[in-house]
Amino acid sequence: MTPRWSPSRVWTGLTLAAWAALFWFIQFSGRTSLYLSSRTAWLVPLGGVLATVAAVLRLASARSVRPERLDPRGSWALGVVVLPVVILLAMPPATLGTYAAGRRSGFVGSGVSASQGSMDSGVITLVDVAAAQSSAAGRAALQRRAGEEVTFEGLVTTESDAGPGEFKLTRFIITCCVADATIAQVTVVDAPPGQLQDNEWVSVTGKLYPLGDDIVIDASAVAPIAPPEHPYLTP
Amino acid sequence: MAIDVARPRIRQPGAPTTRSAGPAVVGALVLVAATLRVLDPQRMAWLQNLLIVFGSLLVEAMPFILLGAAVSAAIEVMVPASAFARLGRLPRALQLPAAAAAGMAFPVCECGSVPVARRLASKGLAPGAAITFMLAAPIVNPVVIASTFVAYRGRDTLWLMVIGRFVLGFAVAMTVGWVIGALKGSRELLRTPAENVAAQTVEGAEPRWRRFAGHLCGDVVFMARFLVIGAFIAAAVQTFVPQSVVDRVAGLPIVSLVAMMLLAFLMSLCSESDAFVAASFVAFGPAAQLAFLVSGPMIDMKLGALYAGTYRRGFLRTATIAIFATTLVFTMWIQVIWG
């Protein structure tokens, strides 16, 4: 018998090709950091290679002496598999914002020992500040640096009871993907009132003061910035 | 036997043809894309949050599904069934620890271990051993142990969490494997539901690479649809349920354990990252955090969808009860001793 194209195999191959295309699109458009941390970024090219190989193998073997047709249920099942590809390609680049900040736990302490080293000297980062809050030693180290000038970048999050010129500077910290995001937040005071909006990216420079469970930045400069290439921090 | 989501049917000569749903499916996908472009999710914070988490879960999990399916397909076409039959003749007391220990050499997330376990069972490995492998691998592998170490580094509970997770993962996986393996008809439970089994997708006389392609693609597309459904539900939960809701029960014995297991079920995190989230729940003691870290990689929303599609209906129910009950009993002892 002469081999003929099997619709089931062809559409399965095309479905896998769509996923391969998505992985390569994410890789080459620089969108990996919108979904994965720097630790897991290697999954995108891996997914691209595996999906490409699977698609090629399926399409190369799509001719069969007994071609299988694709019934309606099978068609819809393949549609479900392709749906995320369509969504991710159609969606404009976006990151978690104020809405998520109100629903996420605070980042606590994954890299405490690494942070303490830099807490005693060197530049203080937002991850350091968030990590230091999880232990007495970290909080003590932070207290010793009270009054020092820092510069942090993050999203503006305004709470309903915030005073004029006050907002939360928020940054999401992810370990593997956005689903495991936790938040690092500091309170910024003395910012120019009425000039900033929620979800706006800003760079804040000011003096750092630990106050109980809160970390306050007495701002000397607050400037809007473009969203960074890596919007999420990795501990 | 091969499985294909596409449910292909061999067309018999003279058989009536059914109308293809292809144009409707393509039309629906185009409609989704057009709606997203018109609506602009950035104007709806909840929708944007939902789609980001949904996409992120899938971008991370799909490579593991592909990897697991590739291993599964390689086992199918390269390892003779007699190899597993020999393993299957070992006493169960040896099979279960050996299966759990084998998980240490399989550093992938929980999504990748499901197709491998299904293939092992279909090749003749005892059901209890296949289940033990499936449940233990995402917890006892070196990558997960290392991530747990990093997440708790600097804490007083570091070694309790690292060793506790490894030992509990081993113990719960073996207990659940033993319980399900001892059930009458346990092999039946691990069979794929009839409605998901293709009439024929891999022809026995085909060359090995074509059979590999058939099994690989069949497994990927079959599992991916359940992963998509599970990821969507998990993303919806993360979008609409604030994590602070569970903090209120942190101080209650037993209830805190159940709350953390429930949270792990709803959040559907990857086992390589969940320790960082567990560590953020400082209001909960080590026992509750271990309950989160042990039960989550064994049963959650996306795994529930995968189990439901991969195995018989009774498997999901039995496995869920066994995992929750066993984890609860073990972590209650830890709560008594360490708080």
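Look at B:Y311 and say whether it is under 10 Å from the mean Cα position of the chain (by Cα) and farther than 24 Å from B:P142 by Cα. Spelling it out, it is not the case that B:Y311 is under 10 Å from the mean Cα position of the chain (by Cα) and farther than 24 Å from B:P142 by Cα. State whether one or more residues within region B:284-293 are within 12 Å of another protein chain (Cβ to nearest Cβ), over 13 Å from the mean Cα position of the chain (by Cα) and farther than 24 Å from B:P142 by Cα. Scanning region B:284-293, I find at least one residue that is within 12 Å of another protein chain (Cβ to nearest Cβ), over 13 Å from the mean Cα position of the chain (by Cα) and farther than 24 Å from B:P142 by Cα, so the answer is yes.
Scan region A:44-76 for residues that are aliphatic (A, V, I, L, M) and more than 29 Å from the chain's Cα centre (by Cα) and the total you get is 7. Checking each residue in region A:28-45 for being surrounded by 17 or more Cβ atoms within 10 Å (Cβ to Cβ) and closer than 30 Å to B:R210 by Cα picks out A:L43, A:V44. A residue that is in a helix (DSSP H, G or I), modelled with pLDDT of 85 or more and either closer than 27 Å to A:S6 by Cα or at the interface with chain A (Cβ under 10 Å from one of its Cβ atoms) (or both) occurs somewhere in region B:237-249.
Consider region A:29-72. How many of its residues are over 24 Å from B:A61 (Cα atoms) and part of a helix (DSSP H, G or I)?
Matching residues across region A:29-72 total 2.
When region A:47-63 is filtered for residues that are farther than 12 Å from A:W19 by Cα and facing chain B (nearest Cβ under 7 Å), the ones remaining, listed by number, are A:L57, A:R58, A:S61.
Would you point out which residue out of A:W24, A:W11 is aromatic (F, W, Y), closer than 30 Å to B:G214 by Cβ, in contact with a helix residue (DSSP H, G or I) (Cβ under 8 Å, 6 or more places away or on another chain) and more than 7 Å from every other protein chain (Cβ to nearest Cβ)? Outline the logic, then answer.
Numbers: A:W11 fails: more than 7 Å from every other protein chain (Cβ to nearest Cβ).
Sole residue among the options that is aromatic (F, W, Y), closer than 30 Å to B:G214 by Cβ, in contact with a helix residue (DSSP H, G or I) (Cβ under 8 Å, 6 or more places away or on another chain) and more than 7 Å from every other protein chain (Cβ to nearest Cβ): A:W24.
Contact map, region A:65-87: residues that are at the interface with another protein chain (Cβ under 7 Å from one of its Cβ atoms) and farther than 28 Å from B:R37 by Cα paired with residues that are in a helix (DSSP H, G or I) and hydrophobic (A, V, I, L, M, F, W, C), Cβ distance under 6 Å, separation 6+ or inter-chain. Pairs shown: A:L70/A:W11. Within the option set A:V156, A:V188, being more than 14 Å from A:V129 (Cβ to Cβ) and part of a strand (DSSP E or B) holds for one residue only, A:V156. Mind checking whether some residue in region A:185-195 is surrounded by 15 or more Cβ atoms within 10 Å (Cβ to Cβ), within 30 Å of B:V144 (Cα to Cα) and either within 14 Å of chain B (Cβ to nearest Cβ) or of a type outside the set (V, I, T) (or both)? Yes, region A:185-195 contains a residue that is surrounded by 15 or more Cβ atoms within 10 Å (Cβ to Cβ), within 30 Å of B:V144 (Cα to Cα) and either within 14 Å of chain B (Cβ to nearest Cβ) or of a type outside the set (V, I, T) (or both). Total residues in region B:50-76 satisfying the condition of being more than 7 Å from every other protein chain (Cβ to nearest Cβ), among the aliphatic types (A, V, I, L, M) and in contact (Cβ under 8 Å) with a residue 60 or more places away in the chain: the figure is 6.
The values are calculated or read from the model by the stated rules, or taken from the named source; none is laboratory data. All values reported here derive from a predicted model rather than from experimental measurement. Note: ideal-geometry Cβ built from the backbone for every residue, glycine included; neighbour counts use all protein chains shown.
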